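The values are calculated or read from the model by the stated rules, or taken from the named source; none is laboratory data. Everything quoted here is computed from the prediction, not taken from an experiment. So basically every Cβ, Gly included, is an ideal-geometry build from the backbone, and we count neighbours across all protein chains shown.
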Amino acid sequence: MTHPEDILKIDVQDSIAVLTLNRPAKRNAMCDELLGAIDAFFSRPPKDVRVAVMTGTAGHFCSGLDLSEHVVRSAEATLYHSRNWHGVMDRIQFGGLPVISAMFGAVIGGGLELATSTHVRIAEPSTIFQLPEGRRGIYVGGGATARVSKIIGSDRMTEMMLTGRKYDAAQGLALGLA
C-alpha cells in the first residue's frame, strides 16, 4: 500500500496548490486511495491556497477507474461508492476554490469525470478524451452523466459513452471539454 502523500503529490507555492496524480505505472488511474487523498485536500484546503491546479504524471492526466481494483459490490455498496465519487467531485466543483485541470494524455472515464468537476480545463495536444464505460459494461458512476452532458449535451455524451469514441485535444476543445 502506498501512502496518500505518495499517490497525490501536493505542492503549494504563492497561494497556488498543484495536485499531481502520481500513479505512473497505472496511467494515474483512479483508485479509492487516490480519491480519498483528493477528497482530503478539497475537504480542508490550506487556508493560504487561492487556486488549485490538478494534473497527472508520466504522460497522462487520469486514465479513469483502475479496473484491476474493480470489485463486485452489492447494490447498496455500489450506490454508496458512487455517491462517494459524487461527493468528492461536488467538493471540487462547489467548494469555493477555483480549480484548473492541466490535461495531457489519457483523460478517460473517471479522469474525464474528475476534469469536468474543475472550473477551467486546459488540454495539451496529446490529450485524448473518452468515456469507455458503456463498451466495458460498467456504469458512469462519478457524475459524468450530469457534468459532461452539461458541457457537451446529453446526446453527444450518450454517444460518447455508448460507443467509447475517442476525441483528440482539438475535438475536445471544439466540444467544450477544454
Output the residues belonging to segment 19-43 that are among the aliphatic types (A, V, I, L, M), more than 13 Å from PHE61 (Cα to Cα) and surrounded by fewer than 18 Cβ atoms within 10 Å (Cβ to Cβ).
ALA40
Filtering segment 37-70 for residues that are touching a helix residue (DSSP H, G or I) at 6+ places or on another chain (Cβ under 9 Å), on the phi < 0 side of the Ramachandran plot and modelled with pLDDT under 95 leaves a count of 5
Do we have any residue at all in segment 53-71 that's loosely packed, with under 13 Cβ neighbours inside 10 Å, assigned to a loop (DSSP other than H, G, I, E, B), in contact (Cβ under 8 Å) with a residue 24 or more places away in the chain and not small (Gly, Ala, Ser)?
yes
Can you name every residue in segment 23-52 that is out of contact with any Gly (no Cβ under 8 Å at 6 or more places or on another chain) and not in a helix (DSSP H, G or I)?
ARG23, CYS31, ARG44, PRO46, LYS47, ASP48, VAL49, ARG50, VAL51, ALA52
